[in-house]
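See below for the structure under consideration.
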Amino acid sequence: MAAARREFWGLDDSIGYLARIAFRRFSMIVDRRIARHGLAAGQLSLLCNLSAEDGLAQHVLSARLGISEATIAVAVRRLEALGLLDRKVNCTNRRETLVFATEHGHSVALALGSISNDVNVIAARDLSPCEISTLVDLLSRAIQNLREESEMIAGNATDGA
């Protein structure tokens, strides 16, 4: 049974508004669940990425997670101070810093990594597998459309420089 929709200033049909509200609710629940471990959702995403594939450059993490390089640098320093990450200069490109999860970081990622999945299960509670697949596909396409537009805008900004 479909939930009743409440129009909010005409925004209930806005993809951006609904995506923002969904993201905020996901983040709030994940943050509450991991806060007792001293981490935020973004930090956990960073840690889980490094636990799955160690030795990534900060700029690669930035692109992969869709977070600015400055924000990644702050998060890496914080997680390094907690003993969850190590940074090393790339021996083949000395301008690049590679980031590695420590043994403790791997164990924390393993212990907390299921939290995001648990929240996804909650969000998908009344959705069929087909609806979930469709939702993921549609959101992925919307993200790609916005990525292309962003790249075009960035390209136009540099054309005038």
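The values are calculated or read from the model by the stated rules, or taken from the named source; none is laboratory data. Every value quoted in this text rests on a predicted model; they were computed, and no experiment measured them. Because the Cβ atoms are built from the backbone with ideal geometry, glycine has one as well, and the counts that use them run over all protein chains shown. When the accessible area is computed, the model is the full protein with side chains, heavy atoms only, and any ligands, DNA or RNA have been set aside. Shrake-Rupley method; radii C 1.70, N 1.55, O 1.52, S 1.80 Å.
Measuring from the lowest to the highest alpha carbon on each principal axis, how far does the chain reach, largest first, in angstroms?
55, 48, 28
Where does helix 114-123 land angle-wise versus the long Cα axis of the chain, in degrees 0 to 90, nearest 10?
10
In cubic angstrom, how much convex hull volume per residue do the alpha carbon atoms of region 57-106 span?
Working: hull volume 3.7 nm³, N = 50.
Convex hull volume per residue, Cα atoms: 75 Å³.
With θ set to phi - 60° and the Karplus curve 6.51 cos²θ - 1.76 cosθ + 1.60, what are the ³J(HN,Hα) couplings of region 88-95 in order, to the nearest whole Hz, using x for Gly and Pro?
Values per residue, Gly and Pro as x: 9, 5, 5, 5, 8, 9, 5, 7 Hz.
Output ³J(HN,Hα) for region 139-152: one whole-Hz value per residue in order, computed from phi by the Karplus curve 6.51 cos²θ - 1.76 cosθ + 1.60 with θ = phi - 60°, and x for Gly and Pro.
For region 139-152, the Karplus curve yields 5, 4, 5, 4, 4, 4, 4, 5, 4, 4, 5, 4, 5, 5 Hz.
Could you report the accessible area of Cys91 in Å², rounded to 10, computed with a 1.4 Å probe on the protein chains as they sit in the structure?
Ignoring ligands and nucleic acids, Cys91 comes out at about 110 Å².
Counting trypsin sites (Lys or Arg not before Pro) as exposed when in a DSSP loop with at most 12 other beta carbons within 10 Å, what is the longest stretch of the chain free of them? Before the final figure, lay out the partial values.
Values: sites that count: Arg5, Arg6, Arg94, Arg95, Arg125.
Longest gap between qualifying sites, sites excluded: 7-93.
If ligands, DNA and RNA are left out, what is the accessible area of Thr134 with a 1.4 Å probe, given in Å² to the nearest 10?
Here the residue's solvent-accessible area equals roughly 70 Å².
Calculate how steeply helix 41-52 sits against the longest principal axis of the alpha-carbon atoms of the chain, using the helix alpha-carbon long axis, and give the answer as 0 to 90 degrees to the nearest 10.
60
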